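**Q** The structure is given below, and queries will be raised subsequently.
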Amino acid sequence: MNANTGHAKVATAHNTIASIYKNQTQLDHAITAFRKALAIQLKQLGPGHADVGATYTSLGLVFHELGKYKEALDYHKKALSIATKARGSAHPAVAAVHSNIGTILGEQGRFDQAVTHLGQALSILEAAVGTDHPDVAATLSQMGGAHSNAGNDKQALECFEKALAIRADKLGGDHPATEEVRARVVLLRGGAAS
């Protein structure tokens, strides 16, 4: 390997190329490019660097999109460990990884574990950005979905109602994200419009 192919800027270029492939749904090419970036980052930056964690997250997202949940979880767990050590357990990046893990666990039917990770994401986000931020609403909506799928309709309704209040306030009543949550609230209330 010549000196230039191991430089951190080359890793950034590979990550950019991988993101383009991901956006074009050329996921096998995205994986190859992310792995090239990761190899350089591990050598140049070390295994505990935040950029390495971000690349693990990117790989986790691609494997999730492919429906390869085991691989996706493996990458997200590595990302979580790095993000927690590199940025601290209260950083929004840590919340994002918890949310990714929660989403995958929910899709696997592991609802209690999903709610645990989503709850951790929610706590971090509320402390970091406030209780009325759109990211908090998104996490509440995810938690509502996990509770609903587990048959915990009371908890699901509470989450969706909180998400609805935030989205209506921040995005407006006619925003598609607001309408989506409103539909979940109406469904859980037995069809009575709010």
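**Q** Any idea what the dipole of segment 1-87 comes to, in debye rounded to 20, about its Cα centre with Lys/Arg Cβ at +1 and Asp/Glu Cβ at -1?
**A** The dipole magnitude comes to about 220 debye.
**Q** Based on the alpha-carbon gyration tensor of segment 88-194 and its eigenvalue square roots a ≥ b ≥ c, which shape applies: rounded if a/c is under 1.5, prolate if not and a/b is larger than b/c, or oblate?
**A** Details: a/c = 2.32, a/b = 1.23, b/c = 1.89.
Taking the square roots of the gyration eigenvalues as a ≥ b ≥ c, segment 88-194 is oblate.
**Q** Please report, in debye to the nearest 20, how large the charge dipole of segment 88-194 is about its Cα centre when each Lys and Arg carries +1 at its beta carbon and each Asp and Glu carries -1 there.
**A** That gives a dipole near 140 debye.
**Q** Can you bin segment 1-87 into rounded, prolate or oblate? Criterion: square roots of the alpha carbon gyration tensor eigenvalues sorted a ≥ b ≥ c, rounded for a/c under 1.5, prolate for a/b above b/c, oblate for the rest. Write out the running numbers ahead of the final one.
**A** Values: a/c = 2.26, a/b = 1.13, b/c = 2.00.
Oblate, since a/c reaches 1.5 and b/c is not below a/b.
**Q** What is the extension gain from Glu71 to Ala13, computed as 0.36 nm multiplied by their sequence separation minus the C-alpha to C-alpha distance, in nm to one decimal?
**A** Here the answer is 18.5 nm.
**Q** Hey, another quick one. Taking neighbour counts of Cβ atoms within 10 Å as a proxy for exposure, in what order, fewest first, do His14, His117, His133 appear?
**A** Ascending Cβ contact count within 10 Å gives the list His133, His14, His117.
**Q** While we're on this one: Between (i) -0.49, -1.40; (ii) -0.56, -1.23; (iii) -0.49, -1.26, which matches log10 I(q)/I(0) by the Debye sum over Cα atoms at q = 0.11, 0.19 Å⁻¹ calculated for the structure shown?
**A** Recomputing log10 I(q)/I(0) by the Debye sum over Cα atoms at q = 0.11, 0.19 Å⁻¹ here picks out (ii).
**Q** Quick one: putting +1 on the C-beta of Lys and Arg, -1 on the C-beta of Asp and Glu, what dipole do you get for the chain around its Cα centre, in Debye to the nearest 20?
**A** Here the chain has a charge dipole of around 680 debye.
Bear in mind that the values in this text are calculations on the coordinates, not laboratory data. This one's a predicted model, so the numbers in the text were calculated from it and none came from an experiment. Counting neighbours? That spans all protein chains shown, and the Cβs are built from the backbone with ideal geometry, glycine included.
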